[in-house]
1. Using only the alpha-carbon atoms of region 160-411, report the extent along each of the three principal axes, biggest first, to the nearest angstrom.
2. Express the relative contact order of the chain as a whole percentage, based on alpha carbon pairs under 8 Å and six or more residues apart in sequence.
3. Report the residue, chosen from Gly164, Gly93, Gly388, that carries the largest GNM mean-square fluctuation when the chain is represented by alpha-carbon nodes joined by springs under 10 Å.
4. Find out how many positive minus negative residues lie around Val348, taking Lys and Arg as positive, Asp and Glu as negative, among other residues whose Cβ is under 10 Å from that of Val348.
5. Could you work out how far the C-alpha centroid of region 263-288 sits from that of region 367-442, in angstrom?
6. Got the relative contact order for region 160-411 handy, in percent, Cα pairs under 8 Å and 6 or more residues apart?
7. Taking neighbour counts of Cβ atoms within 10 Å as a proxy for exposure, in what order, fewest first, do Asp177, Asp398, Asp78 appear?
8. Pairs Lys129/Lys422; Lys45/Lys422; Lys393/Lys422; Lys76/Lys129; Lys268/Lys408; Lys45/Lys432: which are spaced more than 19 Å apart, C-alpha to C-alpha?
Amino acid sequence: MERLGQERAFVLPTAVAMLFIIGILVAATASVALTANSQAGRDQKVKEALAAADSGVRAAGYRINVLEPGPLQCVKADPSTGDLSLTWVAADGWCPAQVEDLPNGASYSYRVSSPEDLVLNGQYQAQRKIVSTGIVGGVERRVLALVNAATGAPLFASGKALVGADRLDLSNSARVDGSAASNGDIYLDNSAIVCGDATPGDGKQVITSNHGGLCSGFSSQASGDALVLEPVDQGSAATSNDNARIGSQDTWTSSGQIEWNPTTRSLKLKNNSTLTLGGNLYSFCHLEITNNAQLIIAARDPGTAVRIYIDAPENCGSTTGAGSVSLTNAGSIVNLNADPTTLQLYVVGSDSASTSVSLQSNPQAVFNLVIYAPRSTVSVNNQTRIVGAIAGKQASVDNNSSITWNDKVAQLRTGSLLSIFKRQRWVECTTKPPSATPDSGC
């Protein structure tokens, strides 16, 4: 009994000590769990605050593009109705702050700078800064976005004969006499050559193979500044145009080989037929020239031009080939004017449907024209020779075809573009600006 009592005297303090240690461990675990939960909650609020700040950037960009304020103007939103109106830039060169509440207790406040005119990648652009602060549950995050719009003055940067928003492909002895520029890679294959600077996009490169390359003395350095190809603004061209001249004032030959539907705005020239355009503005849903047919641009007074708009497929119903241009089997465009800006082809294109400009003519003559197709694929094949300039979403030049820059293109100013500000850069800033300048600390 004495031994049993001694064992009990030993076990009881040990058990108490163990319980005490377990209690400490449980408390520590609970504390760690609470800290982790608190940190996780804060991390979630940080993410939500950043999302709120980005919502402010998106709202600001949308409102700028909707009302298109002038250089000294700003867009303000009525806090009760959301109606947008114009106001004036403040003395510091920034628009007054716009504040808006979001669901779940979030909010943002943003300010927009007046535009700065810049020359980026040889292109004239206007740049605005948007500084936006997002707030969620007392957590703040501040961001800066740069949004740029091309001014369209000039439409093509000097010397840039071939421009692609995405990428450029040149192969099989294709040649560009002038510069080539893209936001993507530039491929030069099978003796394709660029006699000018070849400027790929930021982080992209000029990729050469099988004797493709640049003429001596030119650069293949990438640009850190994005090209901006603004959408085509055709205005009222679809309804107010010179289409009614076709077949009357605008004469044709071999009329039995011409299919022209004024309602669907589909024009097909076939089998040695010709059509001579003498008006100033035409709007087509589809243009096709094939089998030695010719679209002729009549001689014009200096400083005047024929503008042909190819409407978006969404505006063309069930028209076959809507939104596209096709030249095949020695079909050609004969511009009787040496100045390529006398024939301007604007292709509206689409973000949801595929559209293209395909020049596969194999002609003996030279095409003097300018093609601007920012949402379409442009291909030049089979010994087609272009004097002027081409811009497309993607562009390819193949099989001994060539594009030659003409200095007249550098003088081309156009109001045929929508000035859309697009985000180019985005950075997170310090939570509070270190000075009174809205973008300080960014």
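No value in this document is a laboratory result; all are computed from the given coordinates. Computed from a predicted model, the values in this text were never measured in an experiment. As a convention, Cβ positions derive from the backbone with ideal geometry for all residues, glycine included, and neighbour counts pool all protein chains shown.
1. Sorted from largest, the Cα extents of region 160-411 read 52, 35, 33 Å.
2. Once normalised by length, the contact order is 14 percent.
3. Checking each option, the largest mean-square fluctuation is seen for Gly93.
4. Overall, the nearby charge balance is -2.
5. Between the Cα centre of region 263-288 and that of region 367-442, the gap is 27 Å.
6. Normalised by residue count, the contact order of region 160-411 is 18 percent.
7. Least crowded to most crowded, the residues run Asp78, Asp177, Asp398.
8. Those over the limit are Lys45/Lys422; Lys268/Lys408.
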